[in-house]
Amino acid sequence: MGTEFDLVIRSGTVATASDVFMSDIGIREGQIVALGRDLAPGQEEIDAEGRYVLPGGIDTHCHIEEPPVGDVHNADTFASATASAAAGGTTTVIPFCTQVKGGIVTGNLRDYHRKAEKALIDYSFHMIISDPSPAVLEELPALIAEGHRSLKIFLTYDNIVLDDAQTLKVLALARRCGALVCVHAENHAAIAFLTEALEKAGLTAPKYHAWAKPPAVEREACHRVISLAELLDTPVHIFHVSGAEPAEEIRRAQQRGLKVFSETCPQYLMLTDRDLDRQGFEGAKFLCSPAPRTEEDQQALWSYLRDGTISVFSSDHAPNRFDGPHGKKVSGENAPFSVVPNGIPGLETRLPILFSEGVVKGRIDLQTFVALSATNPARLFGLSPKKGTIAVGADADIAIWDQTRKVTIRNADLHHQVDYTVYEGVEVTGWPELTLSRGKVVCRDGVIEGREGHGRFLARAPYDYIAPLGRFVTGFDPVTGIQVPSA
């Protein structure tokens, strides 16, 4: 008689977004098929006694192997980025396929699928829309129907910023086709105005990046895109919320019953604007958008994570090297902040930081950690119930954590191809010691065991919270042309 399971994880402390319990986990053909005590033997067994057994993390905001922007190149490939993600307990990533302004999306999307064939873990894509031309709006419904059910738009940056009319076109199409619109929310004109004034005054060091992007530019853009989405009863997800002011704007919208979701990232819990004021050009390592804020903003973000205003925790991994000709120093060490590539790396350190700063320090409980890192993103982005939880029928995407292990973060120990981490020397408590993707070990004790090509593309279904008819500011649905009763 053969064994009942391919793999059994024994005697671990299993956590979901709602429960913590002792259990064995039986896995067959990459799926969880049994939970209980004293399960029958498996062909392989893993002893997890004394360890936390958690759903693999889902990172819904990471930049991987994107096309060069001028002379700036991503350092990570899909192979290196997903190895880094797995080493940090993440088993699913959603990076970005970028539309080149003036072009269409389909060709770039097919190329991006080919690049992703090297992934060690599962993945899906957001489609960045930089130019919603008639041709693009015509091709998008078919691409959304294929399972690419999230669109990203920018309200800043010269080559990709959308105005209000273009934003409305994308929101309307997303509502009609069942897609979620994700937003980089900063006021482009205000940033340009402040940047020009700073440069004229000779204030161009990295620290002035935060001066050019104060909280008001983020708060205003959040308010504006929420208002536009409200006109069409279209859900929106606000990326990388940096502090109290934009978070409070989002909470007000949620309290009015609007379908507004949001995320924050480790950098906004760990860094402040003072980190941009490092000696020489060192501050450029910490340059990201929105800019890091204050300690008071950090404390506010923890509160918004606890009360659910911010329901997703992502990395916004941006693998730009510091040294060399294709990263932060692309324009030289004396370049003004306005031409320094934005973003910091963080795929591997995302979850250990949230666990250590959140769970270990008592800011959030273990169930909230699971919700922020796995369950909420799975539900929001159409990956549930196969991803984001430990339950019968779910994929066996699992991270086994040594919750007491102390680790000093060093870039030399990380698996990305970036030459620095902003968390160099930071000590964390808790680290994943084993990560499984669909029942296969991808990383064990910091050693990558997964194979390139194991990862699969995850086509996503329509979002069930996008109603055919909803509540409109007027009694007229501008997407369908249907008259509906006023609220």
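The values are calculated or read from the model by the stated rules, or taken from the named source; none is laboratory data. Quick caveat: nothing in here was measured; it's all calculated off a predicted structure. All Cβ positions, even for glycine, are placed from backbone atoms using ideal geometry, and neighbour counts span all protein chains on display. Side chains included, ligands, DNA and RNA excluded: accessible areas come from the protein's heavy atoms. Shrake-Rupley method; radii C 1.70, N 1.55, O 1.52, S 1.80 Å.
Expressed as a whole percent, the proportion of Cα-Cα pairs in the stretch 345-458 lying more than 22 Å apart is 38%. Computed from the Cα positions only, the extents of the chain along the three principal axes stand at 73, 61, 42 Å, in decreasing order. Annotation for Ala216 and Ala459: the two label points, set 7 Å from Cα along the Cα-Cβ direction, are 4.9 nm apart. Per residue, the stretch 15-154 exposes 35 Å² of accessible surface when a 1.4 Å probe is rolled over the protein heavy atoms with every protein chain present. Between Ser303 and Arg176, the modelled label-to-label distance comes to 4.2 nm, taking each label 7 Å out from Cα in the direction of the beta carbon.
Extension gain, Ala192 to Ala40: 0.36 nm times the residue separation minus the Cα-Cα distance gives 48.3 nm.
On full extension, the segment bounded by Ala412 and Val360 gains 16.2 nm, given 0.36 nm per residue less the C-alpha separation. Taking square-rooted eigenvalues a ≥ b ≥ c of the alpha carbon gyration tensor, is the stretch 46-90 rounded, prolate or oblate, where a/c under 1.5 means rounded and, failing that, a/b exceeding b/c means prolate? Taking the square roots of the gyration eigenvalues as a ≥ b ≥ c, the stretch 46-90 is prolate. Solvent exposure of the stretch 222-324, expressed per residue, is 31 Å² of accessible area, with all protein chains present and a 1.4 angstrom probe. Projected onto planes of every orientation and averaged, the convex hull of the alpha-carbon atoms in the stretch 101-184 covers 5.6 nm².
Round to the nearest 0.05 the FRET efficiency obtained for Ala142 and Glu452 when R0 = 30 Å and r is the Cβ-Cβ distance.
For Ala142 and Glu452, the calculated efficiency is 0.55.
In the chain, what percent of the accessible surface is made up of carbon and sulfur (1.4 Å probe, ligands and nucleic acids excluded)? Within the chain, the accessible surface is 51 percent carbon and sulfur. Across His184, His326, the residue with the most accessible area heads the list, and the full order at a 1.4 Å probe is His326, His184.
Selection among Ile353, Leu301, Met22 by position relative to the dipole of the chain gives Leu301 as farthest towards the positive end (Cβ unit charges, Cα centre). Restricting the calculation to Cα atoms, the stretch 283-361 yields a radius of gyration followed by a Dmax of 15.1, 44 Å.
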